[in-house]
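The values are calculated or read from the model by the stated rules, or taken from the named source; none is laboratory data. Everything numeric in this text was worked out from a predicted model, so none of it was measured. A quick note on method: Cβ atoms are made from the backbone with ideal geometry, for glycine too, and the neighbour counts reach across all protein chains shown. With ligands, DNA and RNA removed, areas are computed over all heavy atoms of the protein, side chains included. Shrake-Rupley method; radii C 1.70, N 1.55, O 1.52, S 1.80 Å.
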Amino acid sequence: MAGTSEGEHRIGLLNGFAAYGMWGLVPLFWPLLKPAGAVEILAHRMAWSAVFVAVALLFVRRWAWAGELLRRPRRLGLVAVAAAVITVNWGVYIWAVNAGHVVEASLGYFINPLVTIAMGVLLLKERLRPVQWAAVAVGLAAVVVLTIGYGRPPWISLCLAFSFATYGLVKKKVGLGGVESLAAETAIQFLPALAYLLWLTAHGDASFVNDGAGHAALLASTGIVTALPLVCFGAAAIRVPLSTLGLLQYLAPLFQFLLGIFYFHEAMPAERWAGFGLVWLALILLTGDALRSARRPARLVVPAARAVETPTSAPADA
């Protein structure tokens, strides 16, 4: 039995590394889709993700949740909100990468846990421990430093962080599994995406049609790029502790940050290093506090599902 448990844990870790690794390396993929613009890439991502997930669900025959969802209008409305928010998140991220803002985009996913905690306080009336308040305060200081460094607020980072935090909050209320949730969201996205792609084609501006079979295949593969890491994340989530996923989640923005500096050669003046340093300090405080909380006796620990403890989820950018 112990061997089986260890084996399951190892499989979970491998899937976790695979999921966050793929999300971390995804900035290498979006530039391959040029000359398609960010909106066209986004539309293909929504359409092909819906197709890919629908085929996967047909294969495993998991459709019972769909009928239940259709019978609950409020829950369906929340799915529509989640679809709208993730559309914004995906679109901003794709544009940011292809416009040369990979480092700023990575910052959005570094500060996302801090934004999640702030939303927990403001919207859910969560109570924070002193270390968590300190982490939020350091995070706010980091935003001020980065605003001075950029000469403007880091709006790409803030948009990604707040859209993803909102997405996570809505998904908690919907309560669907990862693949089912993606299927429902992309089903809502599918018709608007298809309509836009047909409009592009009718006007002769669709790179899917104009730029060869290889380019078309790359655009179609956006469905796989979206769904495959999510499948790996789901396999990890049921096999490893939430605290472990909480540590693994920083791999994705770390890889993106390193790609931005060493592969895309984006500038990192001293004030940006200072801002990122403050963000990392806040995350160290937050993670250390979450790990200490996880070691306490069960009767003293707030349920791990609460975002204020270990804000862990699948990055929405991938």
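Just a few scattered comments:
Matching residues to (1) of a type in the set (A, V, I, L, M); (2) in contact with an Asp or Glu (Cβ under 8 Å, 6 or more places away or on another chain); (3) assigned to a helix (DSSP H, G or I):
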| residue | (1), (2), (3) |
| --- | --- |
| Pro153 | no, no, no |
| Leu169 | yes, no, yes |
| Leu176 | yes, no, no |
| Ala187 | yes, no, yes |
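- Residue match in the stretch 74-95 (condition: aliphatic (A, V, I, L, M), within 19 Å of Gly277 (Cα to Cα) and in contact with a helix residue (DSSP H, G or I) (Cβ under 7 Å, 6 or more places away or on another chain)): no
- The residue list Pro31, Pro27 contains one member that is closer than 25 Å to His265 by Cα and surrounded by fewer than 16 Cβ atoms within 10 Å (Cβ to Cβ), which is Pro31.
- Any hit, the stretch 145-156, residues being touching a His at 6+ places or on another chain (Cβ under 9 Å) and open to solvent by less than 10 Å² (accessible area, probe 1.4 Å): yes
- Among the residues of the stretch 213-224, at least one is outside any helix (DSSP H, G or I) and either without any contact (Cβ under 8 Å) to a residue 60 or more places away in the chain or open to solvent by 20 Å² or more (accessible area, probe 1.4 Å) (or both).
- For the stretch 278-309, the set of residues classified as over 24 Å from Lys125 (Cβ atoms), at pLDDT 65 or above and open to solvent by 30 Å² or more (accessible area, probe 1.4 Å) consists of Leu278, Trp280, Leu281, Ile284, Leu291, Arg295, listed by residue number.
- The stretch 249-271, residues that are part of a helix (DSSP H, G or I), surrounded by 20 or more Cβ atoms within 10 Å (Cβ to Cβ) and not aromatic (Phe, Trp, Tyr): Ala252, Pro253, Gln256, Leu259, Gly260
- Selection from the stretch 106-135 of residues that are closer than 17 Å to Thr166 by Cβ and among the aliphatic types (A, V, I, L, M): Ile111, Leu114, Val115, Ile117, Ala118, Met119, Val121, Leu122, Leu123, Leu124
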